[in-house]
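Here the structure comes first, spelled out in structure tokens, and everything after it is commentary.
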Amino acid sequence: MQCSLKLLIPALVLIAPVALAQTSARKFPNVGQPLSQAEIQSFDHMIGPEGKELPAGHGTAKEGAVIFANRCEVCHGKNGENGITHHLVAGSPGKPYRGPFYGVEKDGPSYFPYPTIAWDYINRAMPAPNPGSLKPDEVYSLVAFLYYRNGIINENDVMDQNSLPKVVMPNRNGFVPAKPVYPPEKKPSWW
Amino acid sequence: MDSNQSDRRRFLKQASATVAVGAAGFVAGAQLPAKAQQAESQPAGTDEHVHRVPPRRGARYSLDHMTHYTPLQDYAGIITPAPLHFMQQHSSEYPEIDPKEHRLTIHGLVDRPLVFSMDDLKRLPSVSRIHFVECHGNSSPAIHASRDPKMGLPVQFIHGMASTSEWAGVPLSVLLNEAGLKKNGTWLVLEGADAGKFSHTLPVGKALDDCFVAYGQNGEPLRVEQGFPIRLLVPGWEGPFNVKYLRHIKVVDEPYNTWNESMNHSVSRPDLGGKARWYHFQWAAKSVITRPSAGMEMRKGYVQITGLAWSGAGKVSKVEVSTDGGKNWREARLDGPVVPKAHTRFNYDWEWNGQEAMIQSRCIDETGDVQPSMAELAEHWGYTMADWQKPEKPRAIHMNAIQPWKINRDGSISDAMFA
């Protein structure tokens, strides 16, 4: 890439140490196509810890129980217990499980630090034979059902894009460091 | 509703095929789910780049997992042939992707959201690099008790989720520069196009350092089990970062901790009061003697001890071998190219006198990191050696312990990790 002095001087003035790796100009403008906001919305389904990307919709544990029996029980067992894959319940209604998480307890949402993780995964990857086929209301309902069975919320709590991110997960503080950082703190290699 | 019903029938059929063979979550050597079976004999999608499954590849299948283990005992040098490269697939089938239709998008905290076709990616400046990829669950203490001939010899099923290839593709820095990272874009979330939408978070610092979007492996296009048409290569870091079937890169300002990484890639430890580490990132110094190893037979006299050493931190600087259970260590010869973040072959000349012996290797990397013993790791992490053998074993990951093999007087060799 050619850098004229005219471009370089303002660049040097603006440059900050954190921005060193960031360049503004394209080097290969003929390669790749721009994406429109509408296109991005059609595939941007990854949901972060704060739930900013959650769509509108709502559901309760009772609604979720029916959907779970139809779509999920075949693999995960009745009420998410003792299925042929991923046991989804630790604790019980009203009694959240708070650890330790060394084995099968890790399989269900009780282990997850953020309330959005189960929503994101069910929405994108479940049910296994037809992932992505659940509507937002169904996903909110299933999450409400699982969180109720795990003792994380009450049976009548409504899960939607505002209430879900506010759910307090029982294992929220079960991770070290509290939030991942990069570069990581200097530690021995075994750590 | 109709489609739901047929999904349900199909899945029930698939589920019952697996359950018929064993009720455990992992069904070693089980009959393949129908769809996966088809993928094995008639590879999905474009078949010119996919070859038949070599019989010596150890394999394990369950309802939601397929695992292939590299036969470390059989291969020479440092390059794993593509069909023998280990594979951990988090679903029971491979995605069928038409490379002409496949797209890689970059969006989120960027100045110019962009979409790239395969042709676009191949037009851009490329790199080819020799690197290992290793599953974060490789060498798990839990697997030492497994005895399933379908998984191969112990060195294969204990340590065979690590392989080395020459990978070729476009540096992530090139792609991210085209999109223009915003200042607050500090993490990436990566999504694959497989049924399970395998996703992982990656810090931008590592992405710009040496990661690349690979479309080639050992001189040919990626194979379907390795992520055809593209996968991410994150040199020296744990396997799950190397997202296969890569289709979306979203630039964000905090780690997303998606399902896979929250559930599988963190591990609770007694020394942390039962809390779990978020990410391990980089592999530490590691090595294993591949020959002679458990399940083989010894003859008196000269034998070359050979094995592989590697480190996520860079080059292997030294490998030491002990033939007396760790009392004395002698330096092995490093053979062939010594490449950073890649398997390095080591050899050691030995005369076996017919007496009981314990052979093991340890790696020292260019940062001075020394491979620990299992007992040392147990002590650091607050476990006892016995904890790791209990039925409700903790799911220890990120293991780089020294592997001892015991040579018995009759020439048989056994796994002495917990003996």
Hits in the range B:280-312 - residues which are in a loop (DSSP other than H, G, I, E, B) and within 16 Å of the chain's Cα centre (by Cα): B:His280, B:Phe281, B:Trp283, B:Ala284, B:Ala285, B:Ser311, B:Gly312
Residue that is farthest from the other protein chains (Cβ to nearest Cβ), among those in the range B:280-321 that are surrounded by fewer than 23 Cβ atoms within 10 Å (Cβ to Cβ) and polar (S, T, N, Q): B:Gln304
B:Lys183 modelled with pLDDT of 95 or more, farther than 27 Å from A:Gly103 by Cα, over 21 Å from the mean Cα position of the chain (by Cα) and assigned to a loop (DSSP other than H, G, I, E, B): yes
Among residues of the range B:165-208, those that are more than 9 Å from every other protein chain (Cβ to nearest Cβ), closer than 24 Å to B:His90 by Cα and polar (S, T, N, Q), counted: 1
Matching residues in the range A:78-122 - criterion: being without any contact (Cβ under 8 Å) to a residue 40 or more places away in the chain, facing another protein chain (nearest Cβ under 7 Å) and more than 19 Å from the chain's Cα centre (by Cα): A:Ile84, A:Thr85, A:Pro100, A:Tyr102, A:Gly103
Some residue of the range B:74-89 being of a type in the set (Ser, Thr, Tyr) and not assigned by TED's automatic domain parsing to the domain that holds B:Phe157: yes
Cβ pairs under 7 Å, 6+ apart, first in the range A:64-76 and outside any helix (DSSP H, G or I), second not hydrophobic (A, V, I, L, M, F, W, C): A:Cys72/A:Pro127
B:Thr201 under 21 Å from A:Ile47 (Cβ atoms), among the β-branched types (Val, Ile, Thr) and outside any helix (DSSP H, G or I): yes
Residue satisfying all of: in the range B:265-279; touching a residue at least 40 places away in the same chain (Cβ under 8 Å) and more than 8 Å from chain A (Cβ to nearest Cβ); surrounded by the most Cβ atoms within 10 Å (Cβ to Cβ) among these: B:His265
Members of the range A:30-53 that are in contact (Cβ under 8 Å) with a residue 40 or more places away in the chain and either more than 7 Å from chain B (Cβ to nearest Cβ) or not in a loop (DSSP other than H, G, I, E, B) (or both): A:His45, A:Ile47, A:Glu50, A:Gly51
Residues of the range B:187-203 classified as crowded, with 23+ Cβ neighbours inside 10 Å, in contact (Cβ under 8 Å) with a residue 40 or more places away in the chain and either out of contact with any Ser or Thr (no Cβ under 9 Å at 6 or more places or on another chain) or of a type in the set (Val, Ile, Thr) (or both), total: 2
Strands (runs of 3 or more DSSP E) contained in the range B:323-419 and holding at least 3 residues in the same structural domain as B:Ile305 (by TED's automatic domain parsing) and more than 27 Å from A:Val104 (Cβ to Cβ): B:333-335, B:344-352, B:357-365, B:405-407
Lone unmet requirement of (1) at the interface with chain A (Cβ under 9 Å from one of its Cβ atoms); (2) under 20 Å from B:His136 (Cα atoms); (3) surrounded by fewer than 24 Cβ atoms within 10 Å (Cβ to Cβ) for B:Asn257: (3)
Which numbered condition B:Lys390 misses (of (1) out of contact with any strand residue (DSSP E or B) (no Cβ under 8 Å at 6 or more places or on another chain); (2) charged (D, E, K, R); (3) crowded, with 20+ Cβ neighbours inside 10 Å): (3)
Number of the exception - B:Arg333 against (1) at pLDDT 95 or above; (2) within 14 Å of chain A (Cβ to nearest Cβ): (2)
Residue in the range B:241-257 that is modelled with pLDDT under 95 and not in a loop (DSSP other than H, G, I, E, B) present: no
Subset tally (residues that are over 8 Å from the mean Cα position of the chain (by Cα) and not hydroxyl-bearing (Ser, Thr, Tyr)) for the range B:133-146: 5
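The values are calculated or read from the model by the stated rules, or taken from the named source; none is laboratory data. Please read all numbers here as calculations on a predicted model, not as lab measurements. Don't worry about glycine lacking a Cβ; one is built from the backbone with ideal geometry, like all the others, and counts go over all protein chains shown.
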